[in-house]
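Heads up: the structure comes next, in structure tokens.
The values are calculated or read from the model by the stated rules, or taken from the named source; none is laboratory data. No experiment lies behind these values; they were computed from the predicted model shown. Cβ sites come from the backbone with ideal geometry, for glycine too, and all protein chains shown count toward neighbours.
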Amino acid sequence: MNSLLADILSLFQQPAALRELGMIGVLLVTAALFARGVRGQIKGNAAASGMRQLAFPLLGVLLLSIMRFVAHHNAWPLHFVAVAVQLLWAMAGIRMAVFAVQHAFPKALWVRSFGRNIAALVWCGVALDLVGILPEMIAWLDGFVIPLGKSHITLWGVFQGVASVFGSLIVALWLGGVIEARLMQAGGLDSSVQVVLSRVAKALLILVSILVGVELVGLDLTALSVFSGALGVGLGLGMQKIASNYVSGFIILLDRSIKIGNLIQVGNERGEVLNITTRYTVLRALTGAHFIVPNEVLVGSVVQNDSFVDPKTRVAVQVQVAYGTDVERVLPILEEIGRKPERVRQEPAPQAYLVSFDESGMTLELGVWIADPGSGTLGLRSDLNRAVLQRFREEGIEIPFPQREVRVLNPA
């Protein structure tokens, strides 16, 4: 370590090394200026955002590679270019990893800490490599052999496998995000089909990334056949509900019986569909509460979908009038009241009906049609009832209430 520091200090005393550092600084400043211009020109989806993140390190590597090519053909000695290129590649890897995880889990709180941890890990590896300790650590880890059936794997191979699987997963998640963004922008596809295709693409990419990572380690996949068979039996017996929810989710997304934005009611839960995942569906009730309904319940239960074919919904309010009231006079008044609210559609027109003859009076019903059931109906019902009450008072129309006539026989 002391000899390495002495060599570095001696390099700083050489004019050629100082000129090399100055040239590296000029090239990095040039790369930063070009990257700023490139970031201003690149706009759009997730892929464009990723290119903006990688603009500076990639431009820096390109300019330093040109400098190395020129120096090689002119026999100029270089001491720091290789270190600068290694640092730029490390920066590009860190930015790509953090960017992929941020777009794969945009709402996760641990993404920021993940970025700091992965950056610290990569910079530590680069520092150990620069001082010459990393090769010794690799040789030490490569000496531990772990038997795995007929094959053997070293501890360094395990670390390589974890890193390979992790890196391939990051690339798969990034590609999945790019594919999802492109599918969501496709205007000719239904929203449910877009969700299905994006989920299938992500699942396939993750599966391929895991298989590629295992192959890079050197493990024989046939050696894992017995373990995978036992794992499959265990999953089939213990995770039937989860598998059923996933299959039901794909059924809902493919047959498009329930779409995002529909107003549905399943059991006692009623609300607007906010999100449909492969395992559950999120409903937002009119009160603002959110319900998470398993997809199996939606497939196996009767679901009331108010906007399945037509978003128009009928809202009805009932009122009683006394038996002595002229019904032919009251029904047009109710229809006139029903035409006043802004949310009420004029086609079909509001209709009033004589529903039944009850104990206290005759029951009338006013029915109106609205086009926005997702905004709720309680406020509209309240407005209609208040308007009916005020108009009946102005017209002198009696709203009866229950009355009982008591006769006393044989009083004492």
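So here's what we get for this one:
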{"quantity": "Test for Leu334: is it touching a strand residue (DSSP E or B) at 6+ places or on another chain (Cβ under 7 Å) and at pLDDT 90 or above", "calculated": "yes"}
{"quantity": "Matching residues in segment 146-193 - criterion: being modelled with pLDDT of 70 or more, part of a helix (DSSP H, G or I), of a type outside the set (A, V, I, L, M) and surrounded by fewer than 18 Cβ atoms within 10 Å (Cβ to Cβ)", "calculated": "Trp156, Phe159, Phe166, Arg182, Gln185"}
{"quantity": "Residues satisfying the stated conditions in segment 274-299, i.e. touching an Asp or Glu at 6+ places or on another chain (Cβ under 8 Å) and outside any loop (DSSP other than H, G, I, E, B)", "calculated": "Leu283, Arg284, Phe291, Val293"}
{"quantity": "Per-region count, segment 249-295, residues hydrophobic (A, V, I, L, M, F, W, C), modelled with pLDDT under 80 and over 19 Å from the mean Cα position of the chain (by Cα)", "calculated": "2"}
{"quantity": "Any hit, segment 395-409, residues being under 47 Å from the mean Cα position of the chain (by Cα) and surrounded by 13 or more Cβ atoms within 10 Å (Cβ to Cβ)", "calculated": "no"}
{"quantity": "Only one of Ala119, Ala104 that is under 33 Å from the mean Cα position of the chain (by Cα), among the hydrophobic types (A, V, I, L, M, F, W, C) and modelled with pLDDT under 70", "calculated": "Ala104"}
{"quantity": "Qualifying positions in segment 248-273 - outside any strand (DSSP E or B), touching a residue at least 12 places away in the same chain (Cβ under 8 Å) and not polar (S, T, N, Q)", "calculated": "Gly249, Phe250, Ile251, Ile252, Leu253, Leu254, Arg256, Ile258, Lys259, Ile260, Gly261, Gly267"}
{"quantity": "Criterion: surrounded by 17 or more Cβ atoms within 10 Å (Cβ to Cβ), at pLDDT below 75 and either assigned by TED's automatic domain parsing to the domain that holds Asn275 or assigned to a helix (DSSP H, G or I) (or both) - qualifying residue of Val226, Val196", "calculated": "Val196"}
{"quantity": "Leading residue by the ranking (nearest to Gly361 (Cα to Cα)) among those in segment 393-410 that are in contact (Cβ under 8 Å) with a residue 12 or more places away in the chain and not aliphatic (A, V, I, L, M)", "calculated": "Pro400"}
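So that you can scan it fast, the table gives a plain yes or no per residue for (1) under 26 Å from Gly261 (Cα atoms); (2) of a type in the set (Lys, Arg); (3) without any contact (Cβ under 8 Å) to a residue 60 or more places away in the chain:
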{"position": "Ala322", "(1), (2), (3)": "no, no, no"}
{"position": "Glu328", "(1), (2), (3)": "no, no, yes"}
{"position": "Glu336", "(1), (2), (3)": "no, no, yes"}
{"position": "Pro341", "(1), (2), (3)": "yes, no, yes"}
{"position": "Gln346", "(1), (2), (3)": "yes, no, yes"}
{"position": "Ala352", "(1), (2), (3)": "no, no, yes"}
